[in-house]
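Contents: one structure, followed by commentary.
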Amino acid sequence: MVAPAAALRVVRCGGSSLHGARAVFSADSKQVGLGTGPFSRKGEDPKLSNDGATGWCHRGLLLPGGVLRRRVTAVLLPARYLLCASGDFVKVYSVATEETLRLMGGHGDRVTAIQLNPHNHMQLYSSSLDGSIKLWDFMDGIPIKTFTVGSKLLALYALPSLEDSVFVVIPKSGERDTFQLVSVKLTKAAAQDLEAKELSVVLDGVDASPKHIAFGRESEYVASVKEVNLQVYFFKRKQLNRFSVSAIKTKSGSNHFTCIACHPTEDCIATGHADGKIRLWRNFYHKKEYTFSTLHWHHDTVMDVAFSMEGTSLLSGGVESVLVLWHNESDRQKDFLPRLGSAIEYISMSPDGALCCTLHSDNRITIINSNLRFSKSIQGLIKSADVKTGLVVDPRTKALVLNGEPGHLQFYCLQSDQQLFSLDIVQRQYIHQAGLNQADLVKVAFSAQGKWLATVEEREEVTDPELQLKLWFYDEETQSFKLNTRINMPHDDHITDMCFRDMDELEDDSLILVTTGRDCVFKVWVMVEDTDPEAQQSVSWSCDFVGSYHNYQATNCCFSEDGSLLAVSFEETVTVWDSVTWDLKCTFCHPPGKIRNICFGRLTCSKYLIGATDCGFLCCWNLLSCALEWSAHLNILVLQPDPLSEHIAAVSWLSKESSLFVFKPNEPRPIYIQRNLCKEKIQLAAFVPRDEPETIASEKYLWLRRSQLFFLTDTQELMTLSTKSLEERLTPSSKQLAVEESLSVTPFSLLLGKHRRQQSQEDTDHGKLVVHSKHKQDSPAVKELLHTPAHVLPSASFLCPIFINSLLISKENKSAVEAADEVEMESEKSEDDSDEEGDVTEMEQEDTSPMELLGETTCKLSKSQEKELRKIRKMNYSWISAF
Amino acid sequence: MATYKPVVVQAIPKLGERITQDTVYWRGYKTPVQIKEFGAVNKIDFSPVPPYNYAVTASSRIHIYGRYSQEPIKTFSRFKDAAYCATYRDDGNLLVAGSEEGSIRLFDISGRAPLRQFDGHTKAVHVVGFLSDKYRIFSGGDDYSSSLWDIPSATEIVSYSEHTDYVRCGCASKVNADVFITGSYDHTVKLFDARTKSSVMTIEHGQPVESVLLFPSGGLLVSAGGRYVKVWDVLKGGQLLVSLKNHHKTVTCLCLNSSGQRLLSGSLDRHVKIYSTTSYKVVHSFNYATSILSLALSPEDETIVVGMTNGVLNVKHRKPEEMKEKSQKKRQPAYRTYMKGRTYMPKQEDFCVSKPVKRVLRKYDKLLKSFQSSKALDAVLEPPIRLYTPEVTVAVMQELHRRGTLRSALAGRDEKQINLLLTFVARRVIEPRFTPVLVTVADMLTDIYQPVVGQSAIVDRQFLRLQEAIGKEIDYQEELLEVLGMMDTLFATFTKKNASYLEENRSNGLTETVETNMNN
């Protein structure tokens, strides 16, 4: 009876591990109408950089980051897709709409690098830690071939000059932490899964990061950096040159190499250093007489450098989150694009040089115009250093709310995997500099209807922390939160917890906010009506009550469902307060061990109070009898009640794995147990109400009917439990891709596109006209002109008016068939007329026959014109025959 | 992509009195003119017609003052004993006054001798007034009676002896010519109708009534007596609307402002309180040197005249509105300049080019944007910012501290600049809103410039001043702590004896004041 095949599975819906990979712009060129056939690809130093940006993972499919392929030279058309490695997937984004168009999965481990196939721009190579290289058709999302290499692949480079091999970075067998660059021969067999075992070592002792290797102009050399050494290997001469900079440790850091890029047309290598300098190396053919110049603007590590397509300018980025454009490789001329949000990890250029994109450390891709203007940004769940706010659900949008950019609150839509909006809470300029101590958001709470939002921001200070409690009101007009009250230093020490009293009906007047602090008190904040009629705001918040218990630190607070009781935990003790008179009603404790989490039961179980303690006990107290109902020995990390049912989810951490227990407070036996949820510690959890209750066949999973449980792990991956498999959750978007293709990009294609659109409109309106326009090419006059041998043609001046006339559209709309008949008839006549010119008439017949074949395609030349033409022909021929 | 976010200057609500439109309005008076009268001023009445002269009754004389005159422009002194309650008629031509000997006299403003004299009261007449039909006078006397007099014939029309104590105040309805009200020391206010033989309504005030007032609409009645001002709804049969207890001595006089939106009350506790007539909250209050007996406000609130027990007349004139500046102001571009093109709806084929809105940044923000810490600090140490908006200076210092560049911004300055910085810190460090930041700044300054101490007399002096300021503050805080300790013990004992007493203390805001001081 209970056997719906699908067991409950853990589905990763998002994580944020941007390991670093450059994204790749597609080089597609199927622009309709331009007729520039295949791309001529002259430049050849595609450099690949690697590996995964972040993402959202659905069970086992990590979708981290992006590999952007860097520099595909000389592709003329603007790029329309952005490809990016994200965990185990490769994602295809539309540059125009920022949407995820396709998700290509198949690798068994993290994708480390992706690179367009230099010989077919519709194909993509990807390498993964699972030891395979896959060749994809990214337009259709189909894997074409899989080459199994065997060892871990850390980076992949494909060169236009070498058709049958690619370069990969693999760990050196037998040694730890040493890597080598090898070239892999890709066999051309027809099978889909191939072994690629022909490896030849090119460079030894390279760094694992894909940013540390670059291929030079025309693939003549490869350059690699590691620590303070730069090595350049020339393929033709088989010569290896080594250079090094003397290691210096300064205040701003060492001068280790961090990234490398090669000039697309000249012999020049740009390297970035950890101390913020960029060195331009030239003349490195000579072991001794090499030169380098230094560019210095960054004050911290240069994370990536990239040359523009023509090599006239250099882009660099680092921790400052400023994209610097160096003109002419000089220190003087530079442009900046500041405040990009977070540290720039990778920079990639589109093949046509019109766009460049930066990958940021917070899991975001920014697309930037060639004139250094911000164009678009692609972002999913923004990764922040530490999710201090917890997972909160916005009651209004059902979006997940957590820390976003520094000082911002992100509203993340789970359905569309998109950020809905980002609310600036701190409202201060964020300085991107390592080691700075800046204000960040630590707590957030929504009132039941989402009308009020309370946030706490703090700045760690040696002596005393800077704290601010802000209350935001949802403004219906602007559809966003508006700051209502700001309270400086609400507590003398850190705020540990905060909650609103959830009163659905009486929200307006009786809204109460409780904050607990490490300064051993909890404070009750209430709304105060402003009596002054002239005041701008009618309400503001102020402190109503301060409670404490034996000078213990207050750690958690929680309101009962009806709002009549407030539970505040003070270290080892849970105190229960009357929320009207603020009297202490009773206390509970379960020594030893401090209280870690508390929550009230809901609905039928509202008489129970659940608490989890440090030393591994889960306790349930009965509020009516004031006694312990039951307790269980579990090391609970997270305790999360479902707002729509009695169920409570508890996540425990035992012997290096997280387990999930779902229970009702009224019975000590759990309803559902999922052992080994994941290997990481679960940090936070949240129940997100479903829009409509899901039909779940199995009784075991009934608790998932009305809301869905999401977890955030230590490594900031967002996961959920689902009965559906990943495939059902992902929506293929082939349609979107098709629509995309007809998008026009250049001004010329815009012009053309307009014209074409008009045509297609006419098409629909009156089909006949279309027939006519087609005729232009097929008109007999033109055909004859073209097909008659040049030596039999009359003078050009004579032919000109006829030719011009033939291009005009005749006034009368003759039916196609009629006209065709006429032509035929006439041609017969002419045959009769001139027997001598048999060869010519044959030609004419040849001319007309395709017309007949075409059927409807008819000549639209007027009769008189045709006759004239015929006359001319006759004249000519007779004249020729005289010879 | 984010734009530069300017430095947030924290606006901290000022403690104490809040600035509202009312405070701005009622503060708009010049420094008062003091005029010495011969005795306690028992009545001031403004003429209802321009130029709004006012009659002041003090001792045995009635003085008429012009708007800006310091000397009386006219005096009526035909009284043997004290005169009371000189009141203008609605047309400003006649003046009536009661007297200690019991007679009521009617004067023409232009004449000197009384036109009529009404005799009938056996004791002093403290209140007289015209009914709104202009031909009758009502009066109330210490013989407990209140009477109505006919002006043309100088005869008594009717006399009511319903009060059981002195009748000391009264007023006539402006809506109905037959209705007048008198208040008496027998704690009642009685409403009389001239057409009936007895009072039509009696209101129990609870204390001896010193002053009564009818709203222009005639629906609301205000009575003052004891410490209370009470508002009654006459149309509902004398129902108490609100009872105000904002004075701590007897309220002696009441008056409405010209718009009828504010009620003023003067009291023996030397205060004039102004209430809003919608919320009945005190919106402003004036402080005077001695106990107030009488109070009047000229039409359009141009002048407030207050009479006191020691015979001083305090006259405040409203400051003239500053009209000149407006005319001299440079002509602004016309409204249509701003609106040009705003309402244009782009047509389908139009290509819209949006122009980014240019944001104007303050000088220090510009410098902070380009990471020029020292210059940003210099910019906020300019005199106008440093002196008038110290919160900006402190906010920038805090921002620099946040960025970790405060030390380098403070370092490397010459004698003059150090002097300036130290002066600022020494002056502002004791302000609680600046203390956390400025303590850090002072710390850094001492650290940085410790090696050069002794080289400049000016800098040394400033360091000493800073030390002195901080020392004083510490002493002050210690004292406050002591006081707090004492009060805690007091409260502890009170709580045991009487819980309700503690409550009252709290409502007085005593503890809160102490706490605020502590925070300081």
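State, in square angstrom and to the nearest 100, the accessible area buried between chains B and A, both chains counted, probe radius 1.4 Å. List each step's numbers first, then the result.
Working: alone 28890 and 39210 Å², together 66140 Å².
Buried area between the two chains comes out at roughly 2000 Å².
Counting only other residues whose beta carbon sits under 14 Å from that of A:GLN419, what net charge do I get with K and R as +1, D and E as -1?
-4
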How much accessible area does A:CYS626 have with a 1.4 Å probe, in Å² rounded to the nearest 10? 70 Å²
How big is the shadow of the Cα convex hull of the stretch B:24-317, averaged over all directions, in nm²? 13.3 nm²
So which residues in the stretch B:385-409 end up with at least 50 square angstrom less accessible surface once the other protein chains are there, compared with the chain by itself, probe 1.4 angstrom? B:ARG402, B:ARG403
Any idea of the accessible area per residue across chain B, 1.4 Å probe, to the nearest Å²? 54 Å²
List the residues, sorted by chain then number, that are 5 or more residues from A:CYS586 or on another chain and whose placed amide H is less than 5 Å from its amide H. A:VAL576
A:LYS443's amide H: which non-local residues (gap 5+, or another chain) put their own amide H closer than 5 Å, with H modeled 1.01 Å from N in plane and none for Pro or chain starts? A:VAL456
Net charge near B:GLU302 (other residues with Cβ under 14 Å of its Cβ; Lys, Arg +1; Asp, Glu -1) is +2
How far apart, in nm, are two points set 7 Å out from the Cα along the Cα-to-Cβ line at A:GLU667 and at A:ASN120? 6.0 nm
Taking θ = phi - 60°, what integer Hz values does the Karplus form 6.51 cos²θ - 1.76 cosθ + 1.60 yield along the stretch A:425-439, in sequence order, with x for Gly and Pro? 8, 6, 6, 10, 5, 8, 9, 7, 8, 5, x, 8, 9, 10, 5
In nm, give the distance between the simple-model label positions of A:TYR552 and A:ARG705, each being 7 Å from the Cα along the Cα-to-Cβ direction. 3.9 nm
Using a 1.4 Å probe on the protein heavy atoms only, what accessible surface does A:PHE473 show? Give it in Å² to the nearest 10. 70 Å²
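Using only the Cα atoms of the stretch A:585-729, build the gyration tensor, take square roots of its eigenvalues as a ≥ b ≥ c, and label the shape rounded, prolate or oblate: rounded if a/c is under 1.5, else prolate if a/b is larger than b/c, else oblate. Mind showing how you got there, number by number?
Values: a/c = 2.22, a/b = 1.37, b/c = 1.62.
Oblate shape, in that a/c is at least 1.5 and b/c is the bigger or equal ratio.
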In whole percent, and with a 1.4 Å probe on the protein chains, what portion of the accessible area of the stretch A:167-242 is carbon and sulfur? 48 percent
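How about the stretch A:594-699: which trypsin sites (Lys or Arg not before Pro) there are in a DSSP loop, with at most 12 other Cβ atoms within 10 Å of their Cβ? Can you show the working numbers first?
Details: sites: A:LYS594, A:ARG596, A:ARG602, A:LYS607, A:LYS656, A:ARG675, A:LYS679, A:LYS681, A:ARG690; in loops: A:LYS594, A:ARG602, A:LYS607, A:LYS656, A:LYS679, A:LYS681, A:ARG690.
Taking the stretch A:594-699 and a limit of 12 other Cβ atoms within 10 Å, the loop trypsin sites (Lys or Arg not before Pro) found are A:LYS656, A:LYS679.
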Assuming a strict under-24 Å limit between Cα atoms, what lysine pair count do you get for the stretch B:332-442 once near-sequence pairs (fewer than 8 apart, same chain) are dropped? 13
Just to verify a number: what accessible area does B:ASP91 come out at with the full protein assembly present, 1.4 Å probe, Å² rounded to tens? 40 Å²
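For every other residue with a beta carbon closer than 15 angstrom to the beta carbon of B:LYS197, add +1 if it is Lys or Arg and -1 if Asp or Glu, then tell me the sum. Don't skip to the end; give the middle numbers.
Numbers: positive: B:LYS190, B:ARG195; negative: B:GLU156, B:GLU162, B:ASP178, B:ASP193.
Here the charged neighbours net out to -2.
Can you give me the % of accessible surface on chain B that is carbon or sulfur? Probe 1.4 Å, all protein chains present, nothing else counted.
Working: 14820 of 27880 Å².
Roughly 53 percent, rounded to a whole number.
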Summarise the long-distance tail of P(r) for the stretch A:59-208 by giving the % of C-alpha pairs beyond 20 Å. 46 percent
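Before I look further, what does the stretch A:596-739 give for accessible area per residue, probe 1.4 Å, in whole square angstrom?
On the way: 6430 Å² over 144 residues.
Value for the stretch A:596-739: 45 Å² per residue.
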Output the pairs from A:LYS383/A:LYS482; A:LYS388/B:LYS472; A:LYS388/A:LYS523 with a Cα-Cα distance over 30 Å in this structure; if there are none, say none. A:LYS388/B:LYS472
Of all trypsin sites (Lys or Arg not before Pro) in the stretch B:178-245, which ones are in loop regions per DSSP and have a Cβ with at most 11 other Cβ atoms within 10 Å? B:ARG195, B:LYS197, B:LYS236, B:LYS245
Amide H contacts under 5 Å for B:SER99, restricted to residues at least 5 apart in sequence or on another chain and with H modeled in the peptide plane, are B:TYR84, B:VAL125
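Are there chymotrypsin sites (Phe, Trp or Tyr not before Pro) in the stretch B:107-214 that DSSP puts in a loop and that have at most 14 other Cβ atoms within 10 Å, and which ones?
Working: sites: B:PHE107, B:PHE118, B:PHE130, B:TYR135, B:PHE138, B:TYR144, B:TRP149, B:TYR160, B:TYR166, B:PHE180, B:TYR185, B:PHE192; in loops: B:TYR135, B:TYR144, B:TYR166, B:TYR185.
Those satisfying the criteria are B:TYR135.
Assuming R0 = 51 Å, what is the FRET efficiency of A:VAL201 and B:LYS5, from their Cβ-Cβ distance, to the nearest 0.05? The partial results should precede the final answer.
Working: r = 52 Å, r/R0 = 1.02.
Computed FRET efficiency for A:VAL201 and B:LYS5 comes out at 0.45.
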Counting each DSSP H run of 4 or more residues in chain B as -39500 (n - 2.57), what helix-only mean residue ellipticity at 222 nm follows after dividing by all residues, to the nearest 500 deg cm²/dmol? -8500 deg cm²/dmol
Taking the alpha-carbon centre of each part, the distance from the stretch A:156-195 to the stretch B:85-115 in Å is 118 Å
List the residues of the stretch A:333-381 that lose 50 Å² or more of accessible area once all protein chains are present, compared with their chain alone (1.4 Å probe, heavy atoms only, no ligands or nucleic acids). A:ARG339
Ranking A:VAL319, A:VAL444 from most to least accessible area with a 1.4 Å probe gives A:VAL319, A:VAL444
Modelled FRET efficiency - R0 35 Å, B:THR489 with A:CYS626, Cβ distances, 0.05 increments: 0.45
Taking alpha-carbon centroids only, the stretch B:174-243 lies from the stretch A:705-722 a number of Å equal to 73 Å
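Provide the FRET efficiency to the nearest 0.05 for the B:GLN332-B:ARG359 pair, computing r from the beta carbons and using R0 = 22 Å.
Numbers: r = 21 Å, r/R0 = 0.97.
Efficiency, rounded to the nearest 0.05: 0.55.
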Convert each backbone phi in the stretch A:542-551 into a coupling constant with the Karplus relation 6.51 cos²θ - 1.76 cosθ + 1.60 (shift: θ = phi - 60°), then list the ³J(HN,Hα) values in order as whole Hz, x for Gly and Pro. 8, 6, 10, 8, 10, x, 8, 9, 6, 6
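The values are calculated or read from the model by the stated rules, or taken from the named source; none is laboratory data. Just so you know, these numbers come straight off a predicted model, no measurement behind them. Using ideal geometry, Cβ is built from the backbone for each residue, glycine included, and neighbour counts are taken over all protein chains shown. Just so you know, the surface numbers come from the protein's heavy atoms only, side chains and all, with ligands and any DNA or RNA stripped out. Shrake-Rupley method; radii C 1.70, N 1.55, O 1.52, S 1.80 Å.
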